[in-house]
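The values are calculated or read from the model by the stated rules, or taken from the named source; none is laboratory data. What you see is a predicted model, and the numbers here were worked out from it, not measured in a lab. When we count neighbours, we look across all protein chains shown, and the Cβ atoms used for this are built from the backbone with ideal geometry, even at glycine.
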Ligand code: ADP
Ligand code: MG
C-alpha cells in the first residue's frame, strides 16, 4: 500500500502538526476517514473581485469580494466587551473601512500598502462602505480558489477554514479508499458515481452539478447502510412468541384507578393508541409499535399507560430518553403519576450520572423478581445489565436512537414488546419503509383546550421589544426560552456565545431595574449542571432560559409561554417547529418569536411557513416544496432520523431505491462490504 490507510490518525497528514491535530480532535475528527467524512457545512463561490465602490450591486445582501489596498497599519481598539481591529483600505474610487472583533491576530496579517481581497458583506453606516469580519486573501490565494465551489467547514477556535481545507485536500490525495461495493451495472442503473468521486466531489465540487451527483451517491450510501443494518437484523429475528401477554386489563382495579383518575381526558388519538397497544399485548407475538404524534400531542401519558399495563402484571417496563434532562423529566412525571393513581410500584432512574452505590442498587433491582417502572438514557444499555421479566422497552423521540441501539436493548430482555415514540411527521408510505415491520399509531389531534401558539417574525432592531414582552410574561407568572444563534464565526464557540448572550440579557434587565432570574444551558455543561438548571427552570425559579438547541427534544415545562429563536433563518423548518413545541403546553396563551437575522427574501418566505402554521405535517411538506432538487446548500439538517446528509423527505426516491437494492444485496454480500463499513464506522453513521 502506498497511500495512507484511512484509520490512521490525521496527524499523519503532512502539515497537520500536534497542535492542529488537537483542534481537529475537538471537532471529533481523529482519523483520515473522519476528515474525509466531515462534510462541508456549506459552500461559497468566489467571483471576480470588485475594485470600485460603484461596482457593488445596490441593495445586495450577499457577500462580495473587494480588491483594496491597505492604508496604514491595523489599529487595535480595546473596549470593555471585546477587542476590535480596524483597518483602513482604498478601493479605486473610495475608501473602505474594515473591522474584526476579537481577532487581534489580524494585525500581523495585513501590511501597509499591499493589495488584498476582502470577502464579506458590505454595510453603509458612514460615508464609505464598511465590511465586518471579512475573510482576507492575498491576490495569489484568491486566484487559487476563484474557480469552483469552495467548502466551508465546521470550525473550532484557532482552526481556520483554510487550514481545514488544506488538510482535506491532503487526505483526499493520500487516502486509500475501500473498493466500491456497488456494481458498475447498478451504478449505471441508479445514476450513481463512485464512492471515491463522491467524497472528492462533496469536498471540492467542480460545479453545482458535480455537487448534486456527489451528494446523491452519499445519500444513497447512507440509506443503504441504514437498511443494511435493519434488514440483516430482521433476517436473524423471526417474530418471537409473546412472552408477556396482558389480558382483560380493563377489569383490573389498579388499571381502572388510572383511567378514572387521569388528570385530563385522553384525546381520540391517545385513546386509539392505547387501544392499539392493548391489542398488541394481547396478541400471540411480541410487538413492535411506533407511536407518531406531533410535539405536545401527549405521548408521555401513552407511554406511562402502556408501561403500567405490564407493571400491573408483575413485570418490568422501561422508557429510554435521548438526553439526561429528558430522562429526569420523565422520572419526575412518573413519580407524580404513581402517586396520583395510588399505584403500589416503584420507579427508578438510571442515567450517565447515576454512580456508585446507587447504580449498583438499581442494577440489583433489575435482576430481582417483581414489578418496576424504569426510566433512563442510553446508560441503561451501555453496561448490559441483566433484567428479570423486562416486558416492554420504549424509546422516546426515537430519531435520536438508531436501529442498532434498539436491537441492543431488546437483546437485554427476553424479547420484550418494543415501542418507539417520535414527533417526526412522515407520510405513512415512507414510515412503512423506514420502520420496516413496525405497526404504526398516529396521533392526529392535540389536546383540545389548548390555545394555538401565536407566532411573530421579528428583526434584530425589534429585539428590545421582545425582551420587554418577555419581562411582561414573567411578571404575569410565566417563563420563557431564548434559543441562541448557531455560531458561524470561527473564533467563538457555541458555549461562549450563549454565555455572553445570557450575561448581556441579565445586564439589560438590571439596567432597566427589573429583577429577572436568567438561566443558562448549553451542551458543554456537565450533566449535573444541566440537570440543576433544568430542574430550576421546571420549578419556576429560573424565569428566562437562554439555551442552545439542547432543549429541542421533548422538554416539558407547561408554564413556559414564550419561545424566542435567534437567527431563526439558520434552522431547518422542522427544527423550528420542534423548538416551538416547547411552549403551548399549558392552558395559557403561548408565543413564538422567530428572530430573522438575515435580510434575504427567501428566508422570510421560509419563516412565513412556520409563522402561518402550527402543523408539523404541513410544515414538512411546504418546506419540501420550497426546496428545489439539489437546493440544499446552507440549509441545516433538522437532525431527524440521524442521517447526516440524507433527508427523508427530499430524498425519498433514493431511499426507496436503496431499500430495494439492500434486499437484493443481502442475499449475496461481497467480501468488500465489511471493509467499506469500517471506512464509515467512525462517523455518526454508527448510530444507525
Ligand atoms: P409530547 O407528545 O410532545 O411528548 P407530552 O407528553 O410532553 O407531549 O405532553 C405535553 C403536555 O400536554 C403535558 O403537559 C401533558 O401533561 C399534557 N397533556 C397530554 N395529554 C393531554 C390531554 N389529553 N389533555 C390535556 N393535556 C394533555
Ligand atoms: Mg415527548
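Would you check if residue 388 is outside any helix (DSSP H, G or I), on the phi < 0 side of the Ramachandran plot and more than 31 Å from the chain's Cα centre (by Cα)? It is true that residue 388 is outside any helix (DSSP H, G or I), on the phi < 0 side of the Ramachandran plot and more than 31 Å from the chain's Cα centre (by Cα). State whether one or more residues within the stretch 99-112 are assigned to a strand (DSSP E or B), surrounded by 17 or more Cβ atoms within 10 Å (Cβ to Cβ) and touching a strand residue (DSSP E or B) at 6+ places or on another chain (Cβ under 9 Å). Yes, there is a match, as at least one residue in the stretch 99-112 is assigned to a strand (DSSP E or B), surrounded by 17 or more Cβ atoms within 10 Å (Cβ to Cβ) and touching a strand residue (DSSP E or B) at 6+ places or on another chain (Cβ under 9 Å). Just give me the residues in the stretch 248-262 being closer than 12 Å to residue 312 by Cβ and over 37 Å from the mean Cα position of the chain (by Cα), in sequence order. Matches in the stretch 248-262: 248, 249, 250, 251, 252, 253, 254, 255, 256, 257.
Looking only at the stretch 26-48, residues that are at pLDDT 85 or above and assigned to a strand (DSSP E or B) come to 1 in all.
Residues checked against (1) surrounded by 20 or more Cβ atoms within 10 Å (Cβ to Cβ); (2) within 12 Å of ligand 1 (Cβ to nearest atom); (3) modelled with pLDDT of 95 or more:
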| residue | (1), (2), (3) |
| --- | --- |
| 238 | no, no, no |
| 243 | no, no, no |
| 256 | no, no, yes |
| 275 | no, no, yes |
| 327 | yes, no, no |
| 346 | no, no, yes |
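Do we have any residue at all in the stretch 141-148 that's surrounded by 18 or more Cβ atoms within 10 Å (Cβ to Cβ), farther than 28 Å from residue 218 by Cβ, touching a residue at least 24 places away in the same chain (Cβ under 8 Å) and touching a strand residue (DSSP E or B) at 6+ places or on another chain (Cβ under 9 Å)? Yes, the stretch 141-148 contains a residue that is surrounded by 18 or more Cβ atoms within 10 Å (Cβ to Cβ), farther than 28 Å from residue 218 by Cβ, touching a residue at least 24 places away in the same chain (Cβ under 8 Å) and touching a strand residue (DSSP E or B) at 6+ places or on another chain (Cβ under 9 Å). Note on the stretch 553-574: residues that are surrounded by 21 or more Cβ atoms within 10 Å (Cβ to Cβ) and more than 12 Å from ligand 1 (Cβ to nearest atom) amount to 11.
The single condition from (1) closer than 30 Å to residue 284 by Cβ; (2) surrounded by fewer than 21 Cβ atoms within 10 Å (Cβ to Cβ) that residue 196 fails is (1). Inspection of the stretch 55-74 identifies at least one residue that is part of a strand (DSSP E or B), in contact with a helix residue (DSSP H, G or I) (Cβ under 9 Å, 6 or more places away or on another chain) and surrounded by fewer than 17 Cβ atoms within 10 Å (Cβ to Cβ).
Looking at 215, 225, just one residue is outside any loop (DSSP other than H, G, I, E, B), at pLDDT 90 or above and in contact with a helix residue (DSSP H, G or I) (Cβ under 9 Å, 6 or more places away or on another chain), and that residue is 215. Residue count for the stretch 420-438, restricted to those that are within 16 Å of ligand 2 (Cβ to nearest atom) and touching a helix residue (DSSP H, G or I) at 6+ places or on another chain (Cβ under 6 Å): 5. Only one entry of 286, 297 meets the criterion of being more than 14 Å from ligand 1 (Cβ to nearest atom), over 26 Å from residue 354 (Cβ atoms) and surrounded by 22 or more Cβ atoms within 10 Å (Cβ to Cβ), and that entry is 286. For the stretch 288-297, the condition of being more than 16 Å from ligand 2 (Cβ to nearest atom) and more than 32 Å from the chain's Cα centre (by Cα) holds for none of the residues.
Among the residues of the stretch 434-453, those that are surrounded by 16 or more Cβ atoms within 10 Å (Cβ to Cβ), at pLDDT 85 or above and closer than 26 Å to residue 607 by Cα comprise 443, 453. On the stretch given as the stretch 575-585, residues that are buried (at least 24 other Cβ atoms within 10 Å of the Cβ) and either over 22 Å from residue 475 (Cα atoms) or touching a helix residue (DSSP H, G or I) at 6+ places or on another chain (Cβ under 8 Å) (or both) total 7.
Taking the numbered list (1) outside any helix (DSSP H, G or I); (2) at pLDDT below 80; (3) out of contact with any helix residue (DSSP H, G or I) (no Cβ under 6 Å at 6 or more places or on another chain) in turn, residue 604 passes all entries but (1).
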